[in-house]
Amino acid sequence: QIDHEFGRIIDTLKQKGLYEDTTIIFTSDHGDLMGDFNLLAKHYYFENSIRIPMIIKDEAFVPGSTWNGSVSLTDLYETIREIAGLESDADEEDSLSLFRQTGTGNYAAGQAPVAGSPVPRSPIFGVTDLGYMLTDDEWKLCRHENGAQMLYNIIEDPDEQTNLFEDPSAAEVLRKLDRILTARIVKSMNRSHEEKIVQKTNAIGDGGFEKRGWKRPY
C-alpha cells in the first residue's frame, strides 16, 4: 500500500512537470521490535527499533548513493532549510544538514550545491518514556527508568548481545559517553521549562505580570 500511494504522488509530480524540481524525502518516525529480543513495540533502543529508512531525492545527491554514518530525524530540519536557501537555525547537537554531514554539497540561496568536506555529527540523543540513549557510529549507551544500563559496541556486536557497561575494558568509553549523555539530559530538561521562566521584559512595562489581579495561566 505504501508503494502504491507513494507511486501516485510520484506519477502526479511527473504529470505536472514538477518531478525534476522537487526534493522528495521518504522516512519514518521509528522502527519496531517484531519479536526481536522477545520484545514488541519501540520503546527500547535496540537497532531494530531505532533504525529507520531515509531516502532522499535531491539534485545534491548522486542517485543510488548511500551514507553509512549516523543521522537523525532532527537533521531534516537543517537539511530542508539549506535546500530552501535559508541560514542555519539550529544547534549542531540537535540538527546538522545531511549535505554537510556527507560532504555532498552546501547550498547557497538560489545556487546549486557545492561539494565540501564532511562535517562530523554529534552523538545522537534519544528519549522515550522508558529512558535515554546516546549513540554514535560505534557505541551506544542506554539508561532506563528501571535502572537497567547498557553499553554496546554496535560495530563488533551488531546484534547487541554483550552488555559492556560493567566491563573494565570499556570504562573510558563509558565515562566519555556518560558525560555527554548527562549534559544532553540536563540541557533538554532546561529547554523543556524555558516557556515557564518569567522573562524580564514580561515583568516590566505593559507585560501584565506585575499588575494587580494578574493570574498565572494554565
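Every number here is computed from the coordinates shown, using simple stated rules; none is lab data. Owing to the predicted nature of the structure, the values given are computational and were not obtained by experimental measurement.
Table for the structure above
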read-out	value
Percentage relative contact order, the chain, counting C-alpha pairs under 8 Å, at least six apart	9
Using θ = phi - 60° and Karplus 6.51 cos²θ - 1.76 cosθ + 1.60, couplings along segment 120-130 (whole Hz; Gly, Pro as x)	x, 8, 5, x, 7, 9, x, 9, 10, 6, 9
Residue with peak Gaussian network fluctuation, the chain [Cα springs, cutoff 10 Å], from Thr23, Thr12, Thr102	Thr12
Largest to smallest principal axis extent of the C-alpha atoms in segment 23-69, angstrom	42, 18, 13
GNM top mover of Gln101, Gln149, Gln161 - the chain, alpha-carbon springs below 10 Å	Gln161
Ellipticity estimate at 222 nm from DSSP helix runs (n ≥ 4, -39,500 (n - 2.57)) divided over the chain, nearest 500	-7500 deg cm²/dmol
Built amide H within the under 5 Å cut-off of Gly131, gap 5+	Glu145
Helical segments meeting 30 Å axial Cα length and Kyte-Doolittle -1.0 threshold in the chain (DSSP H)	171-192
For volume of the Cα convex hull per residue in Å³, calculated from these coordinates, the label among (1) 225; (2) 178; (3) 153	(1)
